[in-house]
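Structure record follows, encoded as structure tokens.
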Amino acid sequence: MRLDWTPGIALLLVVFIFLLSMARRAAGWVLDYQWWREMGQVETLINMVLYSVLPQLAVTLVGFVSLWIAHARGMKAAGTRLGEHPLYAKASVLGALFLAYVCSSMTASSWSAVLFLGGRQLPAEAAGWHDPVFQKPLSFYLFELPFYDMMLGVLLILTIVSGLAYAGAFLFWSAKLRGPRVLSDGSVEWPEFDFGRILHSSFTKAVLVLFLITFAAERFLDRYDLLTGDHGFMVGVDYIDEHIKLPLRWLTIAATLASIGLVITSKWRVMAISLVAVILVEKLVPTVVHGVYVRPNEISLEKPYIQRHIAATRSAFTLDRRAKEFEHKARLDARIDPNKNKAIFDNVRLWDWRAFHDTVTQIQALRPYYVFHGTDVDRYQLDGELRQVLLTPRELDVRQLPPDARSRWMNPHFIYTHGYGMVLAEANKITPDGLPVLYIQNAPAEVKTKDLRLTRPEIYYGEIAHEPIFVRSGQPEFNYPSGAENVHTRYEGKGGFPIASLALRLAATVAHADWNILLTGFLTGESRMMIRRNVHARVEELAGFLHWDPDAYMVITPEGRLVWMMDGYTKSDAHPYSLRVRMGGETVNYLRNAVKATVDAYDGEIRFYIFDEQDPIIRAYAALFPKLFRKAAEMPPSLREHARYPLTQFQVQAEIYRTFHMRDAE
């Protein structure tokens, strides 16, 4: 049978695919809204949507007005008007709107505008460090300068595109209204375009004047870029920058503004020659002065600038207030009294976490689908003393289920829904068989110390998680194995969102392309749907504007609940005079461990606590999203005891300290 692909069928197929794609996206939005309601952060969601849409919308509207005016003026110069061509007028409006949207997408950064707004709300004492050249606060470089750069970029691109729209409309309609004509002898007479009319028109001059003003403003802001310039031996303004480049930059600005008079009087050649001459001087003079004067006297001339570089880098990575240097005066051959240092000796970690992880995987996995994703080092009060321990949660990985069990739709969605418990051992004890001494083990959880307890060992939110899952359904959930039998449970927490209504079940069906969600008979009026169960994805969705440490670690609360703790960083590459280092896939020259997050492993509740009130970036975000962040003092003391100095920050600071422990510029 041969299918006849007529244009009508092809069009219907395209429309169907488009509608299906939009339906999945709309269904995903419905589930996202339910998730944000579950988090109690609908206000934050609305703010995020507004912050991402409004700046670009404003730029699009300004761009549309500019392009529409330029196009209309071009048509008028050609001898016609938009009103005389109704169909073309409608098409040109759509074209101008589309082109304005493209320009705004290329140039408008919503977060630059948002952070500018948040930075304006900071008190004076939160402005932070001041640069030694322009005496601007750190907040200027973090919030204001990126916004001004963005606005100048928007103005520059709109000026250029508006000028092209004016010229294009003039040429198009001039050609359309004036020819070409076929003469009696069969030859074609092409119209002559008056390009001088375009160049000398008041609109073109206004565009060029605006362009020159924008260019001068950009050169003014470029002065601040010198503060982050890398010279190899230092970062920031050096001798040449301060004494040669900055004065020449002012010369360029003055020449650019003076060129406005030449544009108005149509002295194009003089304007072009003067600007080229000034730019050549700006490029050549610093090179000559550096080779003739600075290089022979480099140490003495650059010393104060290197000193600024050292101080700024130490401040940007908090080495000025976090690093303490000690002078070791003890003799190397002096005897150490174990009784006076008992607390230290009792907490020397003998177990390497890798060996511990491999051992625990062999003796405590219980089933192939239980996995220990990572092992963390922590401290707990055990038998009245502070002890260093190794802790690893027992999570459930449905990919390790037998193939026949994994292929049954009910198993990963209704039955195998969560991990169970953990293994906790003292870091410096070993049994006669060479195994760790376990304080928490097995399932059901066996706790061998009166100082710890587990009342909620189930792990519904963790580092290994599949989704969606449905709880409080008509199907009991697998809890843990007990010999040849399995113990089941029913979820009693507040995690997830209701999924009983037909509308939400349909949305979930479309969003996940799974008709079983709609057709299953196990969902009840109390059933709840859990999504974003991975703790990393969970915090990223709520606060993706922060950089999150890849290592989440688990804490046992005094109430016996399991809580994940995560470290969030604010970072930038805009700190004046500071050295850039690699962090992940990008370079940064400013870093703060500003936030610590907690995620309840049973309920999925997330809380963000600000741990660095001196950081202007997190204070700006807190002003923008007031419901999202809490003060560090609001963190329960039992959790704060386990707040750690994150390894990522320590590694970055150690890399900086490797060079910047030296304070001498020479």
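The values are calculated or read from the model by the stated rules, or taken from the named source; none is laboratory data. Every value quoted in this text rests on a predicted model; they were computed, and no experiment measured them. So basically every Cβ, Gly included, is an ideal-geometry build from the backbone, and we count neighbours across all protein chains shown. Note: accessible area is taken over every heavy atom of the protein model, side chains too, but ligands, DNA and RNA are not part of it. Shrake-Rupley method; radii C 1.70, N 1.55, O 1.52, S 1.80 Å.
Things worth noting here:
- Dipole in debye (nearest 20) - the chain, about Cα centre, beta carbon charges: Lys, Arg +1; Asp, Glu -1: 1280
- Nearest-10 value in Å² for the accessible area of Met410, using the 1.4 Å probe: 40
- In summary, the lysines within cross-link reach of Lys176, defined as a Cα separation below 29 angstrom excluding same-chain residues under 8 places away, comprise Lys76, Lys90, Lys205.
- The 1.4 Å probe gives accessible areas that order Lys205, Lys303, largest first, as Lys303, Lys205.
- Per-residue Karplus couplings for segment 610-622, computed as 6.51 cos²θ - 1.76 cosθ + 1.60 with θ equal to phi - 60°, are listed in order as 7, 10, 9, 5, 7, 7, x, 5, 5, 5, 5, 5, 5 Hz, Gly and Pro entered as x.
- For Ile459, the residues whose modelled amide H falls within less than 5 Å of its own, excluding neighbours fewer than 5 places apart on the same chain, are Gly419, Tyr420, Gly421.
- Here's the list of lysines a cross-link from Lys631 could span, going by alpha-carbon distance under 27 Å and ignoring same-chain residues fewer than 8 apart: Lys324, Lys494, Lys571, Lys596.
- Solvent-accessible ranking of Ser52, Ser259, largest area first, probe 1.4 Å: Ser52, Ser259
- In the full protein context, segment 2-99 carries 65 Å² of accessible surface per residue, based on a 1.4 Å probe and ignoring ligands, DNA and RNA.
- Rounded if a/c under 1.5, otherwise prolate or oblate - segment 428-551, Cα gyration tensor axes: oblate
- Within the straight-line cut-off of under 20 Å between alpha carbons, the lysines reachable from Lys448 are Lys429, sequence neighbours fewer than 8 places apart in one chain being disregarded.
- DSSP-loop GluC sites (Glu not before Pro) across segment 272-326, with at most 14 other Cβ within 10 angstrom: Glu325
- Segments 40-46, 149-155 sorted - mean Cβ within 10 Å per residue, highest first: 149-155, 40-46
- Computed helical MRE - 222 nm, the chain, DSSP H runs ≥ 4 contributing -39500 (n - 2.57), nearest 500: -15000 deg cm²/dmol
- Positive contributions from Lys and Arg (+1) and negative ones from Asp and Glu (-1), summed over other residues with Cβ under 13 Å from the Cβ of Glu586, come out at +2.
- The order of the peptides 607-616, 168-177 by mean Cβ neighbours within 10 Å, most packed first, is 607-616, 168-177.
- Taking a ≥ b ≥ c as the square roots of the eigenvalues of the alpha-carbon gyration tensor, the chain is classed oblate because a/c is 1.5 or more while a/b is no larger than b/c.
- Charge dipole of segment 385-458 about the Cα centre (unit charges at C-beta), most positive-ward option of Gly421, Met410, Ala443: Met410
- Taking the C-alpha atoms only, the angle from helix 298-316 to the longest principal axis of the chain is near 50 degrees.
- Cα gyration tensor, segment 477-541 - rounded (a/c under 1.5), prolate or oblate: oblate
- Cα long-axis angle, helix 353-364 against the chain (0 to 90 degrees, to the nearest 10): 50
- Element breakdown for the chain at a 1.4 angstrom probe: carbon and sulfur atoms account for 60% of the accessible area.
- Per residue solvent-accessible surface (Å²) - segment 510-666, probe of 1.4 Å: 40
- Protein-only accessible surface order, largest first, of Leu12, Leu87 at 1.4 Å: Leu87, Leu12
- Cα long-axis angle, helix 202-225 against the chain (0 to 90 degrees, to the nearest 10): 40
- Summary of packing: across the peptides 350-359, 272-281, 482-491, 214-223, the per-residue average of other C-beta atoms within 10 Å ranks them, highest first, as 214-223, 350-359, 272-281, 482-491.
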